[in-house]
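Everything below concerns the one structure shown next.
A short reminder: the numbers here are calculations on the coordinates, not readings from a lab. Note that the structure is predicted; figures quoted are calculated from it, not measured. Here the Cβ positions follow ideal geometry from the backbone for every residue, glycine too, while neighbour counts run over all protein chains shown.
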Amino acid sequence: MNKASVEELRELIGSDVLLLRWPSGSKGTKRKWGHLTIADMTPGYLAKLGLGNIGVALGEKSGDLCCLDIDRDEFVGPFLAANPEWRRTLQTHGARGRVFWFRCMGDYPKRTIKLKTLTGEAAGEFRSNGSQSIIWGIHPDTRKPYKMVYKAKPIEIDFSAIVWPKGVIPLRKEAGTQTHRAQKDSSASCVLDICVSASLDSCVPASLHHTPVTVLSNILAKKEAQQKLRARHPNLAELYTSLIEPRFQAVAHGRNDFIVQGVPFLYRAVAARLVLELVACFYDCNRSLFNDSREQHMKEANAMLEAVTASYAESLSTDERKIYTALNAHEQDAFRICRDLALLPEPEREPLTFFLSFNHLASRLEIHPMQAQRILRQLAIYGLIRLLKKGTRRAPGVTGEAGTYRWQLAPPEAKP
């Protein structure tokens, strides 16, 4: 690359972008570059850029220029279909997939986020502070030049506006967080680690503490949201209290994390048609913490639900998938609930056993308890579950007891 080409590149991506010199055919070396700034890009520095590969320092060092590396060809089309505005941003290609260059507006993750499929396979990365990406030179694997698939200035977009393609979720790992196993409370079959903020206090904007009027408004907003849910779905309001609040902590800038964790969990915990109701209630109860609109929240939640719905059957074994797809909608909902309860490790009970009452299943499916009883009996007739101990009805002065069941299909890890 000659001097004119370097200047053309800088004009394209911005003169406030820090470019890095790397050996030809390299994605970078162990040489430290974190101390470099735009001021270090002297004429002499720029003159040597064309001698090898050129990397771009990402994030705050380069005016919030970031990149999204979709590392699998099959996800490029779905990503562009879900995010049509990205068709007009700078796009490059190395060995596979596509790298999208853009400037992040507003809040965005300040370090790398891994992109994973719902089955745990690598799908790419979002790169910002502390990361760099090659934009020109020779790819180390193919030994062919990096290509500009679409030559344009990077678009400006809010990170929260990204719609992830079906089957792909961001796997965030940031300083000051705790890592939890996704679906830890629901499914032993999920292998994705999702990070959530360890402390609410460190994330709440100071403005939320400014006046008693603001605090009271936040309290009343939560009560109103729960009352509205109770008016529409009486049993669902109780499930929100028992399923959502103990597991998911509302934090500023953590709305997307809730969607990534909450939607897959709820899909295995309640009827599919009720998932978005609970996700909407979470937003309404905690709206003072979030910058994004309710419309954006629900758009992302719906996209995640579609992805989880499409991938759930694929996560099952071949035999399980055939059985699952043969069931009707209510039976499929019950299949997911029973299977996840059975696969959840609990030292107090035998493997593959679980407790479930007719009333509790009815609440999760929003149906009458007698209908829930018929569904469980039908699953037992099919041979999916076996009743080990009958439950007892609640009566004055007597606590009801859920029935004990065994999941009859062999767990995935036991299959040859």
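Highest mean first, what order results for 231-240, 262-271 on Cβ atoms within 10 Å?
262-271, 231-240
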Checklist entry - What length, rounded to one decimal in nm, is gained on full extension from Arg377 through to Lys151, with 0.36 nm per residue of separation minus their alpha-carbon distance? => result 75.3 nm
Item to check | In order through segment 83-89: 3J(HN,Hα) via Karplus (6.51 cos²θ - 1.76 cosθ + 1.60), integer Hz, x for Gly, Pro | outcome: 10, x, 5, 6, 5, 9, 9
Checklist entry - In whole Å, what are the Cα extents of segment 200-314 along the three principal axes, biggest one first? => result 50, 28, 24
Item to check | Separation between Cα centres of segment 278-343 and segment 1-79, rounded to whole Å | outcome: 40
Checklist entry - So who's got an amide H within less than 5 Å of the one on Asp158, skipping anything under 5 residues away but keeping other chains? H placed 1.01 Å off N, in plane. => result Met105
Checklist outcome for this item: For the Thr325, Lys144 Cβ pair and Förster radius 56 Å, calculated FRET efficiency rounded to 0.05 is 0.85
Checklist outcome for this item: The ³J(HN,Hα) series, computed from each phi in segment 343-352 with the Karplus coefficients 6.51, -1.76 and 1.60 at θ = phi - 60°, rounded to the nearest Hz and given as x for glycine or proline, is 7, 6, x, 9, x, 7, 9, 6, x, 6
Checklist entry - How far apart, in nm, are the 7 Å Cα→Cβ label points at Thr309 and Ala122? => result 3.2
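For a footprinting-style exposure proxy, rank Trp164, Trp101 by other Cβ within 10 Å, fewest first.
Fewest-to-most ranking of Trp164, Trp101: Trp164, Trp101.
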Checklist outcome for this item: Rounded to one decimal in nm, the spacing of the 7 Å Cα→Cβ label points at Thr42 and Arg96 is 4.3
Checklist outcome for this item: Over the Cα atoms of segment 316-414 the radius of gyration and the largest Cα-Cα distance (Dmax), both in Å, equal 13.6, 47
Checklist entry - Once label points are set 7 Å from the Cα along Cα→Cβ at both Asn2 and Ala161, what is their separation, rounded to one decimal in nm? => result 3.9
Next on the checklist: Using the alpha carbons of segment 281-367, what is the convex hull volume per residue in cubic angstrom, as a whole number?
Outcome noted: 157
Checklist entry - Applying the Karplus parametrisation 6.51 cos²θ - 1.76 cosθ + 1.60 with θ = phi - 60° to the phi angles of segment 131-143, what ³J(HN,Hα) value in whole Hz is obtained for each residue in order, glycine and proline being reported as x? => result 10, 9, 9, 6, 10, 8, x, 10, 6, x, 8, 8, 6
Item to check | Reciprocal of mean inverse Cα separation for segment 3-172 (Kirkwood radius, Å) | outcome: 16.3
Item to check | Distant-in-sequence amide H partners of Gly124 (H built 1.01 Å from N, under 5 Å) | outcome: Asp71, Leu115
Checklist outcome for this item: Any residue on another chain or 5+ positions along whose placed amide H is under 5 Å from the amide H of Ser131 is listed here as Leu58
